[in-house]
Amino acid sequence: MTTSFQDAATTEELDVDALRARYAAERDRRIRPDGATQYRRAAGSFGYYATDPYTPRAERDPLTDSVEVLVIGGGFGGLVTGARLREAGVENLRMMDEAGDFGGTWYWNRYPGIHCDIQSYVYMPLLEEVGSVPEWRYAPGEEIRQHAVAIARKFDLYRDAVFHTRVTTLVWDEAAAQWVVQTDRGDRMRARFVITSSGTLTEPKLPGIPGIETFRGHTFHTSRWDYGYTEGDQFGGLTGLADKRVAVVGTGATGVQVIPFVARDAEHLFVFQRTPSSVDVRDNQPTDPAWAASLRPGWQQERMDNFLSVVSGEPVEEDLTGDGWTSTAQLQRKVISGAVDLSVSDEERERIDELVDLAKMNEIRARVDQVVTDPATAELLKPWYRYMCKRPTFSDVYLPTFNRPNVTLVDTADLGGITRMTETSVVVGDVEHEVDCVIFATGFEVGVSGVMSGTMPVRGRGGRMLLDAWSRGPRTLHGFYSNGFPNLFHLGAVQNANSVNFVHVLQEQAEHIAAVIAESRAVGARYVEPSERAESDWARTIQDTAHDHSTFQAECTPGYYNREGAGVGGSFSYGPGPVAFHRLLREWRAHELNDVLVTAQ
Ligand SMILES: NC(=O)C1=CN([C@@H]2O[C@H](COP(=O)(O)OP(=O)(O)OC[C@H]3O[C@@H](n4cnc5c(N)ncnc54)[C@H](OP(=O)(O)O)[C@@H]3O)[C@@H](O)[C@H]2O)C=CC1
């Protein structure tokens, strides 16, 4: 059987049936009857896991003023929106976030080893505007967080910003044509335009392990790293762990980054794994100063567009990124346009995709054997599912960590995870592992902004609740705004087109929203609001074009991508993909923008 990625898609040597059977068996043994309800929120008596360890909460008086624009969310989506609004001349602008500063996910996630997994030249937005080139091909988290701060400074977004503040309700005041905004700090302020960019993976999630509350050692979640306990920083030096037996629970994209750093400094590390990640080559490199000096204006947009095109399967002359993300996508495209006629049926295309996928995963599994010396441990570290069932990971230090004498891999797959916790230990089956510290790398509550989850109730025209209006699914134009909810804009992944480089998608959304608001101000419109007809037409477009991923997802091992094995409902994405979606938005701005501007009552 071949393990070569390059020739696998045209070979007959892959044992497809055996691999399919193995994937199904690995999925089945991980399905839990309690599905997504197996987790518990970091709230109530577990609220400690969500507390901000980085910035003290400053007291302030409640706000009762009015602003022209309120941006909820200080991550990259909110920051780029703020930047573009400033460029459009908006002065009376307030940024608001639950965190203690700008940065969004990069504010919260500061664990040792944190890096972006998309090349920083295409991931970090507004590099040319801020005048910087990242120091590394895959930037460390602190550099990215500092870049967020630099964007805020450059565009004067700290002016009037409020942090550690969560919006509790948004109510439309028709007479004043304003939103009344209430928060958990007692604010009752007003805003003409409200833009929500509050993220989809922010609230830490804990496994509902029996006895978790009885553990008396130290414990925290990776997104609230306790450097007071571990010492050191994102680059290591965790001297506080030198005499500690540490448990890390979870081996997803976070676990893969953090585990090598804990292993380096802990007396002993137990890694509790339920499903292994796919771990491909990282090959991180410092940025070549000669290359950086050679960059010409427009270089970042060109690279971002190129990356997005490659990973979306659009034709390009050259792959400017050339990493794990683009090579996989490139191979699929090359195979389709080279070995097989472009007009292949969907069925044939799926067959080719599967062969490429099986070969890629063979390569990933072969890498485990090449690196990990103990054969039993290597076997446990091999992922048996299709490449995009879980977020692919990239690391050159993760797999060698399991060759260290102070690291023990504890497999929990057949037991559905950790069995229980006691005052002093983590128990798997009958085996008790005594530990001083448990670090949860167990991810986040998924996929919902406060608007969608109802934690930020929105009451529009006539007192109508947004979630009532959306009771049979979201109703928007292009994912941004809804009839009956004037001057309210959403950034995110609903009814538009997504990509692995989500920040690029957010940037396009931010630019679109800023352009619409700028035009609304220019013509003196009273509202921005799509018609019901426009909403229905867009819903139909989504329905007609969306790809159905439900079979693919149903065959995946459980995880948050497939709601822990329950599969996914209908896709909410624009089928032709992000490149086509962004083109559509540009054309709409050129010809139809006026349709959402309401000038008279
Ligand atoms: N840009 C970047 O570089 C990074 C991006 N991210 C983003 O954040 C997302 C979330 O990643 P991450 O924080 O790793 O969270 P995930 O949800 O991907 O992973 C959670 C981990 O915890 C494990 N787990 C959950 N419950 C138990 C239990 N009871 N016993 C044992 N193990 C358990 C899961 O196992 P199982 O798989 O079996 O459920 C999984 O390995 C990623 O998908 C990615 O989008 C994260 C890190 C870096």
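For segment 282-293, which residues satisfy the criterion of being open to solvent by 60 Å² or more (accessible area, probe 1.4 Å) and not aromatic (F, W, Y)? D283, Q285, P286, D288, P289, A290, A293, listed by residue number. Check segment 264-281 and report whether any residue there is in contact with an Asp or Glu (Cβ under 7 Å, 6 or more places away or on another chain), open to solvent by 40 Å² or more (accessible area, probe 1.4 Å), more than 9 Å from the ligand (Cβ to nearest atom) and within 30 Å of T328 (Cα to Cα). Yes. Residue pairs whose Cβ atoms lie under 8 Å apart, separated by 6 or more positions or on different chains, with the first residue in segment 513-524 and under 20 Å from I72 (Cα atoms) and touching a residue at least 24 places away in the same chain (Cβ under 8 Å) and the second of a type in the set (A, V, I, L, M, F, W, C) and part of a helix (DSSP H, G or I), are A514/L85; A515/L593; V516/L593; V516/V596; I517/L85; A518/L85. So, of the residues in segment 102-111 that are open to solvent by 10 Å² or more (accessible area, probe 1.4 Å) and of a type in the set (A, V, I, L, M, F, W, C), which turns out to be farthest from R224 (Cα to Cα)? Step by step, filter segment 102-111, then rank; the result is W106. Can you pull out every residue in segment 184-194 that is open to solvent by 10 Å² or more (accessible area, probe 1.4 Å) and either out of contact with any strand residue (DSSP E or B) (no Cβ under 6 Å at 6 or more places or on another chain) or under 17 Å from P62 (Cα atoms) (or both)? Across segment 184-194, the qualifying residues are D184, R185, G186, R188, R190.
Taking the conditions (1) surrounded by fewer than 16 Cβ atoms within 10 Å (Cβ to Cβ); (2) modelled with pLDDT of 90 or more; (3) within 30 Å of S550 (Cα to Cα) in turn, F581 satisfies each one other than (1). For segment 222-263, the set of residues classified as under 30 Å from M388 (Cβ atoms) and surrounded by fewer than 17 Cβ atoms within 10 Å (Cβ to Cβ) is empty. The residue pairs whose first member lies in segment 536-549 and is under 14 Å from G577 (Cα atoms), whose second member is surrounded by 13 or more Cβ atoms within 10 Å (Cβ to Cβ) and of a type in the set (F, W, Y), and whose beta carbons are closer than 9 Å, counting only pairs six or more residues apart or on different chains, are T541/Y574; I542/F572; I542/Y574; T545/Y574; A546/F572; A546/Y574.
Filtering segment 25-65 to residues that are within 30 Å of W384 (Cβ to Cβ), open to solvent by 70 Å² or more (accessible area, probe 1.4 Å) and part of a helix (DSSP H, G or I) leaves D28, T37.
Residues that are surrounded by fewer than 18 Cβ atoms within 10 Å (Cβ to Cβ), within 14 Å of the ligand (Cβ to nearest atom) and farther than 13 Å from P286 by Cβ within segment 127-149 comprise just one, E142. Residue pairs whose Cβ atoms lie under 8 Å apart, separated by 6 or more positions or on different chains, with the first residue in segment 179-206 and more than 29 Å from A36 (Cβ to Cβ) and without any contact (Cβ under 8 Å) to a residue 60 or more places away in the chain and the second open to solvent by 60 Å² or more (accessible area, probe 1.4 Å) and not aliphatic (A, V, I, L, M), are V180/R188; V180/R190; Q182/R188.
The rows are residues; the columns are (1) among the charged types (D, E, K, R); (2) outside the structural domain of T105 (by TED's automatic domain parsing); (3) surrounded by fewer than 20 Cβ atoms within 10 Å (Cβ to Cβ).
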site: R461; (1), (2), (3): yes, no, yes
site: L467; (1), (2), (3): no, no, yes
site: G479; (1), (2), (3): no, no, no
site: P486; (1), (2), (3): no, no, no
site: F489; (1), (2), (3): no, no, no
site: Q509; (1), (2), (3): no, no, no
site: A514; (1), (2), (3): no, no, no
site: G524; (1), (2), (3): no, no, yes
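Give the residue that is most open to solvent (accessible area, probe 1.4 Å), with candidates limited to residues of segment 554-572 that are touching a residue at least 40 places away in the same chain (Cβ under 8 Å) and assigned to a helix (DSSP H, G or I). So, considering only residues that are touching a residue at least 40 places away in the same chain (Cβ under 8 Å) and assigned to a helix (DSSP H, G or I), the one most open to solvent (accessible area, probe 1.4 Å) is Y560. Within segment 509-534, the set of residues being assigned to a helix (DSSP H, G or I) and among the polar types (S, T, N, Q) comprises Q509, S520. Of everything in segment 530-560 that is within 16 Å of the ligand (Cβ to nearest atom) and among the hydroxyl-bearing types (S, T, Y), the residue that is nearest to P486 (Cα to Cα) is Y560.
The set of residues in segment 72-97 being over 21 Å from N109 (Cβ atoms), of a type in the set (D, E) and not in a helix (DSSP H, G or I) consists of E91 alone. A count restricted to segment 288-317 and to residues that are outside any loop (DSSP other than H, G, I, E, B) and under 26 Å from the mean Cα position of the chain (by Cα) stands at 13.
With respect to T599, determine if the residue is open to solvent by 20 Å² or more (accessible area, probe 1.4 Å) and at pLDDT below 90. Judged against the criteria, T599 is a match.
Each row is one residue, and each column tells you yes or no for (1) farther than 16 Å from R391 by Cα; (2) of a type in the set (V, I, T); (3) not assigned by TED's automatic domain parsing to the domain that holds Q509.
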| site | (1), (2), (3) |
| --- | --- |
| E555 | no, no, yes |
| P558 | no, no, yes |
| A566 | yes, no, yes |
| A580 | yes, no, no |
| L585 | yes, no, no |
| R589 | yes, no, no |
| N594 | yes, no, no |
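Within segment 112-126, if we keep just the residues that are open to solvent by less than 10 Å² (accessible area, probe 1.4 Å), more than 15 Å from T81 (Cα to Cα) and not polar (S, T, N, Q), the residue that is nearest to the ligand (Cβ to nearest atom) turns out to be C116. Determine which member of the set T230, T254 is more than 14 Å from the ligand (Cβ to nearest atom), polar (S, T, N, Q) and at pLDDT 95 or above. Result: T230 is the single residue among T230, T254 that is more than 14 Å from the ligand (Cβ to nearest atom), polar (S, T, N, Q) and at pLDDT 95 or above. For segment 177-221, filtering for residues that are closer than 30 Å to T81 by Cβ, within 16 Å of the ligand (Cβ to nearest atom) and among the β-branched types (V, I, T) leaves 2. Just one of the numbered conditions (1) away from the ligand (no atom under 14 Å from the Cβ); (2) open to solvent by 20 Å² or more (accessible area, probe 1.4 Å); (3) not β-branched (V, I, T) is not true of E445: (1).
The values are calculated or read from the model by the stated rules, or taken from the named source; none is laboratory data. If you're wondering where the values come from, they're calculated on a predicted model, not measured in any experiment. Because the Cβ atoms are built from the backbone with ideal geometry, glycine has one as well, and the counts that use them run over all protein chains shown. When the accessible area is computed, the model is the full protein with side chains, heavy atoms only, and any ligands, DNA or RNA have been set aside. Shrake-Rupley method; radii C 1.70, N 1.55, O 1.52, S 1.80 Å.
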